[in-house]
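What follows is a single structure, written as structure tokens, with notes after it.
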Amino acid sequence: MQQAEAQKTDILIIGCGIAGASAALEAAKSGLKVVVITKNDELKESNTFYAQGGIVSLGPDDRPELLKEDIIQTGDGINNPEAVEILSTEGNKMVDSILIDELDIPFMKNSPDSLDYAQEGGHSRRRILHIRDTTGRTIEEKFVAVLKGYSNVTLLPAHTAVDLLTVPHHSKNPTSFYREPRCIGCYVLDNKTKKVKTIFATYTVLATGGCGAVYLYTSNPKGAIGDGYAMAYHAGARIVNMEYIQFHPTSLFHRDADGFLISETVRGEGARLITKDGRTFMDKYSEQKDLAPRDEVTRAIYEEMTNTDSNYVYLDLASYAKIDIKKRFPHIYQTCLRYGIDITKESIPVVPAAHYCCGGVLVDGWGRSSLSGLYSVGEVSCTGLHGANRLASTSLLEGLVWGTRTAQHIAAHFNPVAKFAVRDIHQWYYPEKEEETDPALINQDWISIRSTMWNYAGIIRTTKRLERARADLNYLHHRIVKFYKEARMDANVVDLKHGIQVALLITYAALGNPIGRGSHYLKT
Ligand code: SIN
């Protein structure tokens, strides 16, 4: 197949959720040439777009120290103190300057000059800024609209990152082995032409989001299969804490709902979890009751489901809410109504779902990974902020803070002499005889990955389950890599190869950590 032309840019950003978009905005303002790619057909399609609850800030009765305590308490004490400090002290300033002043995000107010702060689990204060229950959507749409106005930003939807370009790995020059390894861009599949472009970048920023979709039940969109973790792993960057997969306690239990999230802010407004026979149960498990950290609520639900031989529990907002439900949660109300549930009158059937990866590509306070030239921001990164379990509504803020800081760091230290000889780099290799892919095989592989992860590396783990996952996934990995090498290039094939790699990363991390804590729960 004919080779696509190579492109060159100062910064290549892979992913366009709040983290990638914040990095792009900051870099654009500093005048650098920026390319942003996303594998989705629409730029706004990202985990950020689906975020309901909101973004942590500091309310009037709040202080950075209180936020720090809540983050560390929820993270089971293994958080990175430097990251906690950065987020707690810089976060609300960036919310004010970027989201409110620059992007004019219309956060809800309870009077003309007072913002409305919502409550979520693990928070000792009401401190979540929100736009009813579609906070992420509004923020994401605004970012995309603003980025479109910059002539130095090229936005490429429907472009799938295939493999990070690294020297010496992709170099034909044998002397490159004597140089420090460096990321110099990415091989990128144009989903429409099916050609692989080589995008050379002085700096590459991974902002690909999380990996909830390697689990059978997830609140994430189907594309969240962890591409960034897999590519960073192949490129040799350090990846840590992958065993800490957070399960959100309340996704809608319905055959067609695809893990639709029932935001924790619903419990923040008084809703209570009840069993199928109408008993509240969180008092038994935590002093914070229904607003305990997510891992505790998730395990309590799991136990109650087991005890009552049920596939779900209920969330009762109708009996407890002191708010106008339709006004406060219009999106959740409308969506549940589509599935025949009127949340102003009846309880919502809910079940936990894979939600957030607290680990990822290890980065410092400026988003730098262990591989030169590669930065990582948002969920795919691990700043250490979340420790073993993430405090609710800190993820949008982490994306905003590290996205912005990363671009600031690149702009301040921009070094065009971080050079590489483009002619030395291998062009993409297409197999001689490209095999058509069979969607039935791809589907079956995904069913195997997702059910293995759910059953053996899910909410409750045991060494035996994890060992079984390792064996089954290793076999699948071997088959999928062989298939990938022979297949006609296609975004689904790339996703599958990345997905199996991420499933293995999680499984190996879980097996390698005998201490169950936070969202890595080991039953002995
Ligand atoms: C939610 O609204 O419950 C999700 C918020 C989050 O994951 O931080």
| task | Could you state the accessible area per residue of region 335-410 in Å², with a 1.4 Å probe and every protein chain left in place? | result | 20
| task | Write down the percent of antiparallel bridges among all DSSP beta bridges whose residues are both part of the chain, to the nearest 5. | result | 60
| With every protein chain present, what is the per residue accessible area of region 107-159 (1.4 Å probe, Å²)? | 41
| Stretch gain in nm, segment Ser151-Asp61, where the contour uses 0.36 nm per residue and the Cα spacing is subtracted | 28.2 nm
| task | Show the residues, 5+ positions off or on another chain, whose built amide H is closer than 5 Å to the amide H of Ile348. | result | Leu315, Asp316, Leu317
| query | Taking only Cα atoms, what is the 0 to 90° angle, nearest 10, from helix 64-74's long axis to the longest principal axis of the chain? | reply | 90
| Amide H neighbours of Arg182 under 5 Å, counting only residues 5+ apart in sequence or on other chains, H built in-plane at 1.01 Å? | Val167
| field | Table column - 3J(HN,Hα) (Hz), region 356-372, Karplus curve with 6.51, -1.76, 1.60, x for Gly and Pro | value | 8, 9, 7, x, x, 6, 5, 9, 9, x, 10, x, 7, 8, 6, 9, 3
| request: Anything over 29 Å Cα to Cα? Flag those among Lys284/Lys327; Lys197/Lys482; Lys33/Lys142, in the order listed. | output: Lys284/Lys327
| note | Which residues qualify? For Gln7, with a placed amide H closer than 5 Å and at least 5 residues away or on another chain, they are Thr198, Ile199, Phe200
| task | Please tell me the relative contact order of region 139-269 in percent, rounded to the nearest whole number, where contacts are Cα pairs under 8 Å and at least six residues apart. | result | 16
| Based on Cβ point charges of +1 for Lys and Arg and -1 for Asp and Glu, what charge dipole magnitude is obtained for region 309-423 about its Cα centre, in debye rounded to the nearest 20? | 480
| said: Give the average over all directions of the projected area of the C-alpha convex hull of region 51-199, one decimal, in nm². | reply: 13.5
| request: Of the DSSP beta bridges with both residues in region 33-154, give the percent that are antiparallel, rounding to the nearest 5. | output: 75
| Vicinal HN-Hα couplings computed from phi for region 328-343 (Karplus, 6.51 cos²θ - 1.76 cosθ + 1.60; Hz; Gly/Pro x) | 6, 10, x, 6, 5, 4, 5, 5, 4, 4, 4, 9, x, 10, 9, 6
| query | Can you pull the percent of the chain's accessible area that's carbon plus sulfur, 1.4 Å probe, other chains left in place? | reply | 48
| Convex hull of region 75-133 built on C-alpha atoms - directionally averaged projected area, nm² | 5.1
| task | Can you tell me the relative contact order of the chain? Whole percent, Cα pairs under 8 Å, sequence separation 6 or more. | result | 22
| said: Below 8 Å, C-alpha to C-alpha, sequence gap of six or more: please give me the relative contact order for region 219-307 in percent. | reply: 24
| query | For Trp366 and Lys29, what does the FRET efficiency come to when R0 = 25 Å and r is the distance between their Cβ atoms, rounded to the nearest 0.05? | reply | 0.90
| task | Step through the residues of region 502-515 one at a time and calculate ³J(HN,Hα) from phi using the Karplus curve (6.51 cos²θ - 1.76 cosθ + 1.60, θ = phi - 60°), rounding each to whole Hz and writing x for Gly and Pro. | result | 5, 4, 5, 4, 5, 5, 5, 5, 5, 5, x, 10, x, 9
| query | Taking a probe of 1.4 Å, how large is the accessible area per residue of region 179-289, in Å²? | reply | 35
| note | Computed over the chain: longest principal axis from alpha-carbon atoms vs helix 18-29 long axis, angle to nearest 10 degrees, is 50
| note | Dipole check, region 1-124, charges on Cβ (K,R +1; D,E -1), about Cα centroid: among Gly15, Val35, Pro81 the Cα furthest to the positive pole belongs to Val35
| task | Calculate, in nm to one decimal, what Glu436 and Val422 gain on full extension: separation in residues at 0.36 nm each, minus their alpha carbon distance. | result | 1.9 nm
| message | Per 0.36 nm of contour for each residue apart, how much would the distance between Asn474 and Asp41 grow if the chain were fully extended, relative to their Cα-Cα spacing? | response | 152.7 nm
| Where the Cα pairs of the chain fall when distances are cut into 20 Å bins, in % | 23, 57, 19, 1
| field | Nearest 10 degrees, 0 to 90: helix 463-486 Cα axis against the chain principal axis | value | 40
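The values are calculated or read from the model by the stated rules, or taken from the named source; none is laboratory data. A quick note: this is a predicted structure, and the numbers were derived from the prediction, not measured. Virtual Cβ from ideal backbone geometry, glycine too; neighbours counted across all protein chains shown. Please note that ligands, DNA and RNA were not included when accessible areas were found on the heavy atoms of the full protein model with its side chains. Shrake-Rupley method; radii C 1.70, N 1.55, O 1.52, S 1.80 Å.
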